[in-house]
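What follows is one structure encoded as structure tokens, with my remarks underneath.
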Amino acid sequence: MSYDWHPTGIWFRSQRKGEGKVMHYPAGRYLDRFVAAGTPGLLLLHAHGNVFVRELAAEEIIRVKPAALVWKDRAVRMSLHTEHSAGGRGSAMWLSPHGPGRLAIQSVFTNVWWSGLIIESSQRTWKNWEPSAPAPP
């Protein structure tokens, strides 16, 4: 079995009033990659709560909290999705895995809300829950 890591490509930069720009990697900066080529391998991962394995069809998308992702097939691509609460109380960050492929999601995780303005990011979609709010940059 071999092990390596690769960049996630999932990031955003935020800025709070009166503070500098901060870079965030909600899925971590790197993902670990484990491969058993030519011979069988066994990898044991620990997760919190229950773990659900989901098979995504081609172009199917699911929203997952970054801390809930346990593993994904190499073919599964990811992007970001943000939801901005009414009244400007914060932003929820989601990963959007795109099929085809499998992923595992744990049921117990830390839910993180970001406050401040997201000024740039990797590819992402968004939803404003306040009807009159303009789309974020």
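What follows is calculated from the coordinates using simple rules that are stated; it is not laboratory data. Just so it is clear, the structure is predicted and the values come from calculations on it, not from any experiment. In this analysis, Cβ positions are derived from the backbone assuming ideal geometry, glycine residues included, and neighbour counts consider all displayed protein chains.
Simple rule: put +1 on each Lys or Arg Cβ and -1 on each Asp or Glu Cβ in the range 1-84, find the dipole, and look at His81, Trp71, Met23; the Cα lying farthest toward the positive end is Met23.
Overall shape: oblate for the range 1-52, with the ratio a/c of the largest to smallest alpha carbon gyration tensor axis at 1.5 or above and b/c at least equal to a/b. A DSSP coil position with no more than 11 other Cβ atoms inside 10 Å describes the following GluC sites (Glu not before Pro) in the range 28-68: Glu59. Taking amide H as placed 1.01 Å from N in the peptide plane, the amide H of Thr125 sits under 5 Å from that of Leu80, His81, Thr82, each at least 5 places away or on another chain. Subtracting the Cα-Cα distance of Glu55 and Phe34 from their residue separation scaled by 0.36 nm leaves 5.6 nm. Listed by chain and number, the lysines whose alpha-carbon sits under 30 Å from that of Lys21, ignoring those within fewer than 8 places in the same chain, are Lys65, Lys127. For the chain, take every pair of Cα atoms, bin their distances at 10 Å starting from 0, and report each bin as a whole percent. All Cα pairs, binned at 10 Å, distribute as 11, 37, 34, 14, 4, 1 percent.
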